[in-house]
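Derivation of every value follows stated rules applied to the coordinates shown; laboratory data play no part. Since we're looking at a predicted model, the values are computed, not measured. Counting neighbours? That spans all protein chains shown, and the Cβs are built from the backbone with ideal geometry, glycine included.
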Amino acid sequence: MIKKVSPRIWLGVLTVLWGVIGMAMGFVKNYTGMLVVRAFLGTAEGGLLPGIVLYLSMMYRRQEIGLRLGVIYSAASLSGAFGGLLGGLFLFVVRRELTPSDRSVPNRKPRRTGGMAMDFDHRR
């Protein structure tokens, strides 16, 4: 398909489709719907990397393309790693802000634990 359509159009269409399908994941209500949307997302995403490789092979010589592709693969790995960390941090912050805490109760005082993690009752 990429040979029939120019790579710049193919990559643009796949990128827009990938974004729209990714946004559609927010509106899924059940597990089956999530599987269907993920399958479409994988189909759209599956054409991106080969298209990028083809596009770069048209612009660079054989001696130069190895470094460029290495940078792309490394950036993809790093973005996955840091994206997961940032997503986890975002969920932590959102969960902390949406759950009621002891700060919302005005007259509650924290118990002293004597330096231990838990307050043990030593009386028998």
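Worth a mention:
- Measuring r between the beta carbons of R8 and F82 and using R0 = 25 Å, the FRET efficiency lands at 0.35.
- Scaled to the globular estimate 2.2 N^0.38 Å, the Cα spread of region 1-59, given as radius of gyration, is 1.29.
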